[in-house]
Amino acid sequence: MRYAKRGPLRFTSHRDFARAFERALRRAGVPIAFSQGFTPHPKISYASAAPTGVASEAEYLEIGLREPVDPDELRAALDAALSPGLDVLDAVVADGGSLADRIEASHWRIELPGVELAALREAVAAFAAAEEVQVERLTKQGRRNFDARAAVIQIDVVALPETPSGAAAVPCAILELVVRQVTPSVRPDDVLSGLRVVADLEPPVSPRVIRLAQGTLTAQGAIVDPLDADRDGAGIVER
């Protein structure tokens, strides 16, 4: 299944979404399968969830069912049972293989209010030209240094006729990234840290980040929806 986190619901943590999704399964009467043992759990597997505060049009999960259901009816029932902003976009019957194995990269858009286009272009050029860009992140194991450059397959500055908010008086540079899944993972905030390292770029306000897509990579660097392998030539279902 593919779902989105939109608007204020982008601040929903992964744990909170998991609880909300389990409630939605119960409300929709979905015949969910459960694990065995003393504490059975619903068979739900999440793939590469976006960080809290990040909007996304491309979150994925798998569920195990006790009996077959119509994917379109299941999508509609779960979407109706979730709050607006947590939107179920697509569902297909899995044809074998792991969903997680089909996610190799993510496509991100980062809106940077208060950042001039020329300044972002200069910073991106310096980042792209670097062989490596060492950044630091606080992890559960403490502070860790790693290269934020090698995982970035594509980095571009997007010029829009007006700011996404419509407030044309406020400059807002747009950055788009295609980032390969690696260990440790490289997130959009790591790339922004890298821009600060190479060009001293410091956004004056918090950026807004949205994941536009994730999936397998083609030789040309395009991202293929991981559900395509299970559908019969159909496109992504959008609301």
| note | Residue hits (the range 1-13; in contact (Cβ under 8 Å) with a residue 60 or more places away in the chain and hydrophobic (A, V, I, L, M, F, W, C)) are Met1, Ala4, Leu9
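Mind counting the residues in the range 201-239 that are at positive phi and modelled with pLDDT under 90?
Residues flagged as at positive phi and modelled with pLDDT under 90 within the range 201-239 amount to 2.
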| said: Can you list the strands (runs of 3 or more DSSP E) lying wholly within the range 64-179 that have 1 or more residues being farther than 19 Å from Arg2 by Cβ? | reply: 105-113, 134-139, 142-147, 152-158
| Do we find that Ala91 is among the small types (Gly, Ala, Ser) and within 20 Å of the chain's Cα centre (by Cα) in this structure? | yes
| note | Among residues of the range 52-109 being open to solvent by 60 Å² or more (accessible area, probe 1.4 Å) and polar (S, T, N, Q), the residue modelled with the highest pLDDT is Ser83
| So Val198 fits all but one of (1) open to solvent by less than 30 Å² (accessible area, probe 1.4 Å); (2) at pLDDT 95 or above; (3) not charged (D, E, K, R); what number is the exception? | (1)
| query | Filter the range 28-41 for residues that are modelled with pLDDT under 95 and out of contact with any His (no Cβ under 7 Å at 6 or more places or on another chain); which is surrounded by the fewest Cβ atoms within 10 Å (Cβ to Cβ)? | reply | Phe38
| said: If Ala219 meets every condition in (1) in a loop (DSSP other than H, G, I, E, B); (2) among the hydrophobic types (A, V, I, L, M, F, W, C); (3) touching a residue at least 12 places away in the same chain (Cβ under 8 Å) apart from one, which number is that one? | reply: (3)
| note | The condition of being out of contact with any Asp or Glu (no Cβ under 9 Å at 6 or more places or on another chain), under 29 Å from Val198 (Cα atoms) and of a type outside the set (Ser, Thr, Tyr) holds, among Gln134, Gln141, Gln154, only for Gln141
| request: Any residue in the range 14-31 that's within 14 Å of Ile63 (Cα to Cα): show its pairings with residues that are surrounded by fewer than 16 Cβ atoms within 10 Å (Cβ to Cβ) at Cβ separation under 6 Å, as long as the two are six or more apart or on different chains. | output: Pro31/Leu65; Pro31/Arg66; Pro31/Glu67
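Which residues, counting only those in the range 183-218, are farther than 16 Å from Gln134 by Cα and not hydrophobic (A, V, I, L, M, F, W, C)?
Listed by number, the residues that qualify are Glu202, Pro203, Pro204, Ser206, Pro207, Arg208, Arg211, Gln214, Gly215, Thr216, Thr218.
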| query | Using beta carbons and a limit of 8 Å, which pairs, at least six apart or on different chains, have the first residue in the range 59-85 and on the phi < 0 side of the Ramachandran plot and the second one among the polar types (S, T, N, Q)? | reply | Tyr60/Ser48; Tyr60/Gln214; Leu61/Ser45; Glu62/Ser45; Ile63/Ser45
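The values are calculated or read from the model by the stated rules, or taken from the named source; none is laboratory data. Predicted, not measured: the structure shown is a model, and the values here were computed from it. Here the Cβ is made from the backbone with ideal geometry for all residues, glycine too, and neighbour counts use every protein chain on show. To get the accessible areas, we keep the full protein, side chains included, count just its heavy atoms, and leave off ligands, DNA and RNA. Shrake-Rupley method; radii C 1.70, N 1.55, O 1.52, S 1.80 Å.
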